[in-house]
1. Could you give the dipole magnitude of the range 109-148 about its Cα centre, charging the beta-carbon of Lys and Arg +1 and that of Asp and Glu -1, in debye to the nearest 20?
2. So what is the calculated 222 nm ellipticity per residue for the chain, using -39500 (n - 2.57) for each DSSP H run with n of 4 or more, over all residues, to the nearest 500 deg cm²/dmol?
3. Charges only on Cβ, +1 for Lys and Arg, -1 for Asp and Glu: so what's the dipole of the chain about the Cα centre, in debye to the nearest 20?
4. Projected onto the charge dipole of the chain (+1 at Lys/Arg Cβ, -1 at Asp/Glu Cβ, origin at the Cα centre), which of Pro162, Ile100, Tyr21 gives the Cα projection farthest towards the positive end?
5. Please work out the Cα center distance from the range 154-185 to the range 1-37, rounded to the nearest Å.
6. Can you tell which of Val33, Gly133, Tyr176 lies farthest toward the positive end of the dipole of the chain, using +1 and -1 charges on the Cβ of basic and acidic side chains (Lys, Arg; Asp, Glu)?
7. Taking 7 Å along the Cα-to-C-beta vector as the label spot, tell me the Glu60-Asn48 distance in nanometres, rounded to one decimal.
8. Under a 5 Å amide H to amide H cut-off, with H placed in plane at 1.01 Å, what residues pair with Leu53 once short-range neighbours are removed?
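A short reminder: the numbers here are calculations on the coordinates, not readings from a lab. Just so you know, these numbers come straight off a predicted model, no measurement behind them. Cβ: placed from backbone, ideal geometry, glycine included. Neighbour counts: every protein chain shown.
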Amino acid sequence: MKRISIFVSGNGTNLQRIAEYFKDNQEVEIVNVVCNNPKAYAIERAKNLGIPLRMITKKEFNSQEFTEEMKALNLDLIVLAGFLWKIPSSLIQAHPQKIINIHPALLPKYGGKGFYGEHVHEAVVAAKEAHSGITVHYVDEVYDNGEIILQAHTKLDPNETPDTLAAKIHKLEQAYFPVVIETIINN
Ligand code: GAR
């Protein structure tokens, strides 16, 4: 059995897709959803999906106790699916090459502090980039920096808006993220 934890801060469309993708897979269990935002719609999704929910405060998140709690879950993978806090070193060190993140742009461009969700798409459209895409990468101690596992591209149209680009990016995320997760946990 492969054991996954999914960290979320927002809408939770990736959480939903990943949970549905693995629903009938007896070899994969989503052990819990960790959420830092009491207003996140992802909370409703976790409840509807029947996945245990762990709400956290910043103080708890950065504590050694939280790292111990996660270690005790014996996870094969921690998936950051729209999770917006920086991961503390202790959690990273306790899970070497076992934490991955999805970023809605082609890193190293449009990464780092302040670049999340729609802010990324606004910046990409404003810069009139020809392409954007998604990056799935391992998480290290520098924000949006770890080894890249997969990138998928999409073209920007001449009349692209942040909203139309966001829709394209979500499609890529839905198509690729669960498959990347499956590949990683099976290797
Ligand atoms: C996704 O587009 C993800 O790539 C992005 O947040 C969105 C979450 O959507 N992540 C980041 O910006 C990380 N820096 P969701 O909550 O509907 O899955």
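1. Roughly 180 debye, rounded to the nearest 20.
2. Working: 7 runs with 70 residues, N = 187.
Per the formula, -11000 deg cm²/dmol.
3. Values: 19 positive and 22 negative charges, 46 e Å.
Its charge dipole is roughly 220 debye.
4. Checking the options against the dipole of the chain, the answer is Pro162.
5. 18
6. Most positive-ward Cα: Val33.
7. It is 2.4 nm.
8. Val33
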